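All of the numbers you see were taken from the coordinates with simple rules; none came from a lab. In this text the structure is predicted, and so the values were computed from the model without any measurement. Every residue, glycine as well, gets a Cβ built from its backbone with ideal geometry; the counts of neighbours run over all protein chains shown.
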Ligand SMILES: NC(=O)c1ccc[n+]([C@@H]2O[C@H](COP(=O)([O-])OP(=O)(O)OC[C@H]3O[C@@H](n4cnc5c(N)ncnc54)[C@H](OP(=O)(O)O)[C@@H]3O)[C@@H](O)[C@H]2O)c1
């Protein structure tokens, strides 16, 4: 359903959300679809939720660690929705382990998904954005990338790297009217954090000034803002949506 109050140039943009089949990605996809955009999501496993199809979203199977699958996904999306104008690089994984027990695979698979996978989808999206002379890219990082977290050296390194990646591209492609921003969520109620024990959850909540986890929709609202006309002069920013957990980092 399109929003009659939207500004003209925001109508029905081609939006891609990676990892949009569940969690934060699903909430982001819903937010754009509810506002009338043409939304494509990628999913790696399982089947996309029926709710997405009902919203008119295009679901494309794509593992972002495989460059050929990324190319195929873009071809399919471009054929149905046109070139991607707004990219939300959201897909990510954790493989938590203390350093001395962390294997090469634990480290490289997290980097390959969270950082190199993001590089793959951003690079491919930029082809169309350069031609269109406009584009919005939002990368989903984490408070952990700025703050650090024991047992998450691989994940924190991958998420911190997204900041340097986005800021370099903000400088490289600002003159082409493409913005690159990073959203750094705190702890959000999704499958990723369901893996934590009750004790771990209580420990985290006790450190969050707002005293609770975020709902995925609270991350989605900030992402949508960064893709809106109201954020036209924001690039290279890191926006925390973390209940105050990472303040000062
Ligand atoms: N939850 C939090 O507290 C939190 C906090 C800060 C940042 N984040 C970040 O926010 C993003 C979404 O997190 P979430 O909590 O929604 O996680 P989630 O529920 O575990 O969902 C992760 C999504 O990423 C997809 N994905 C993983 N590896 C992929 C790959 N190789 N190729 C394509 N898709 C892949 C998953 O697809 P499948 O369904 O096929 O596995 C799924 O759609 C992640 O980047 C995460 O690091 C989360």
Difference of contour (0.36 nm per residue) and Cα-Cα distance, residue 72 to residue 234
55.2 nm
Looking at the chain, what % of its DSSP beta bridges pair antiparallel, to the nearest 5?
0 percent
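Rounded to the nearest 0.05, what FRET efficiency do residue 101 and residue 221 give with R0 = 35 Å and r taken as the Cβ-Cβ distance? Could you check? Write out the running numbers ahead of the final one.
Working: r = 38 Å, r/R0 = 1.08.
So, using R0 = 35 Å, E works out to roughly 0.40.
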What translational diffusion coefficient, in µm²/s and rounded to a whole number, does the Stokes-Einstein relation yield for the range 112-249 at 20 °C and a viscosity of 1.002 mPa s, taking the hydrodynamic radius as the Kirkwood radius over Cα pairs?
136 µm²/s
Take the alpha-carbon centre of the range 149-178, take the same for the range 83-145, and report the distance between them in whole Å.
9 Å
Convert 25 °C to kelvin, take the viscosity as 0.890 mPa s, use the Kirkwood radius over C-alpha pairs of the chain as Rh, and evaluate the Stokes-Einstein diffusion coefficient in µm²/s, rounded to a whole number.
135 µm²/s
Mind jotting down the distance between the C-alpha centroids of the range 36-50 and the range 200-249, whole Å?
23 Å
Take every Cα pair under 8 Å in the chain that's 6+ residues apart, average their separations, divide by the length, and report that relative contact order as a whole percent.
19 percent
